[in-house]
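Take a look at the structure below.
The values are calculated or read from the model by the stated rules, or taken from the named source; none is laboratory data. Being a predicted model, the structure only gives us computed values, none of them experimental. Because the Cβ atoms are built from the backbone with ideal geometry, glycine has one as well, and the counts that use them run over all protein chains shown. Ligands, DNA and RNA are excluded from the accessible area calculation, which covers all protein heavy atoms including side chains. Shrake-Rupley method; radii C 1.70, N 1.55, O 1.52, S 1.80 Å.
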Amino acid sequence: MAEKMNQQEYPLAPATRQSRSDEESSTLRSEELKRKKRIKLAIYIAAFAVFQTIVILVFALTVMRVKTPKVRLGTDVTFQNFKTGTQASPTFDLSFTTQVGVKNTNFGPYKFDSTIATFMYQGVTVGQVTIPKGKAGLRSTKKVGVIVNVDSNALSSTAGLGSELGAGVLTLNSQAKLSGKVELMFVMKKKKSAEMNCTMTIEVSTKAIQTMSCE
């Protein structure tokens, strides 16, 4: 009877150790899963931060970058009055309609003030026209119609004019400077000046524009 009682009092050591081992394994697995989740979360956060940085850089280099608008004299010229002299008695008196194009490549409208466009012959002012204030929309071109009157009355010397008319052409230069602001995101305004410098060669016999170049 004593031997039987002694047998019943022996602890189940192997089963206890196995239970503790299972608990430790479970805890390690749980910690490993948590660690993997933390690593995965850190990777996601880092990837999102890199992506956000790239988006901000692209946005800053494209959308928020303010470019200078371009001003050009149109090639569609219609003459209402066209009078020229001869090589021996060189004069000119012209009246024509054309368009001034304001090209805005920014991601915001360009509002410009009224200005004067000057037409010159060999550096001498022979006519002027007003370009009214206006607005070129985002990534678009604003075309402003103007009526231009030019004549040779202001020329002190007509020797060069006689040579040109003898060759059947007349060369005029036009210049203007627009002052305005580019608006971005409805809150940011950046001052920008745009200049026009165009040279047109008119063919006298056909009363048409032979060439038009703008810088």
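Does GLU195 qualify as being acidic (Asp, Glu), within 22 Å of the chain's Cα centre (by Cα) and open to solvent by 70 Å² or more (accessible area, probe 1.4 Å)?
Numbers: acidic (Asp, Glu): yes; within 22 Å of the chain's Cα centre (by Cα): yes; open to solvent by 70 Å² or more (accessible area, probe 1.4 Å): yes.
Criteria met by GLU195.
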For the stretch 76-92, name all the residues that are over 34 Å from the mean Cα position of the chain (by Cα) and either closer than 22 Å to SER213 by Cα or open to solvent by 30 Å² or more (accessible area, probe 1.4 Å) (or both).
GLN80, ASN81, PHE82, LYS83, THR84, THR86, GLN87, ALA88, SER89, THR91, PHE92
Residues satisfying the stated conditions in the stretch 177-193, i.e. hydrophobic (A, V, I, L, M, F, W, C) and farther than 10 Å from ASP113 by Cβ
VAL182, LEU184, MET185, PHE186, VAL187, MET188
Of the residues in the stretch 66-75, how many are closer than 23 Å to PRO132 by Cβ, β-branched (Val, Ile, Thr) and within 20 Å of the chain's Cα centre (by Cα)?
2
Can you pull out the residues in the stretch 124-148 that are at pLDDT 95 or above, open to solvent by 30 Å² or more (accessible area, probe 1.4 Å) and aliphatic (A, V, I, L, M)?
VAL124, ILE147
What number of residues within the stretch 93-120 satisfy the criterion of being in contact (Cβ under 8 Å) with a residue 40 or more places away in the chain, over 27 Å from ALA154 (Cβ atoms), open to solvent by 50 Å² or more (accessible area, probe 1.4 Å) and touching a strand residue (DSSP E or B) at 6+ places or on another chain (Cβ under 6 Å)?
1
If we scan the stretch 198-205, do we find a residue that is outside any strand (DSSP E or B), touching a residue at least 12 places away in the same chain (Cβ under 8 Å) and over 22 Å from the mean Cα position of the chain (by Cα)?
yes
Restricting the stretch 150-185 to residues that are open to solvent by 60 Å² or more (accessible area, probe 1.4 Å), outside any helix (DSSP H, G or I) and in contact (Cβ under 8 Å) with a residue 60 or more places away in the chain, which is farthest from THR75 (Cα to Cα)?
MET185
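A quick yes/no check of all residues on (1) open to solvent by 100 Å² or more (accessible area, probe 1.4 Å); (2) modelled with pLDDT under 80:
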{"position": "LEU28", "(1), (2)": "yes, yes"}
{"position": "ALA49", "(1), (2)": "no, yes"}
{"position": "ALA60", "(1), (2)": "no, yes"}
{"position": "ARG72", "(1), (2)": "no, no"}
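Results for (1) over 32 Å from the mean Cα position of the chain (by Cα); (2) farther than 18 Å from MET212 by Cα, shown as yes or no for each residue.
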{"site": "GLY101", "(1), (2)": "no, no"}
{"site": "THR125", "(1), (2)": "yes, yes"}
{"site": "LYS135", "(1), (2)": "no, yes"}
{"site": "ALA154", "(1), (2)": "yes, yes"}
Return yes or no: is PHE82 within 21 Å of SER205 (Cα to Cα), part of a strand (DSSP E or B), at pLDDT 95 or above and not polar (S, T, N, Q)?
yes
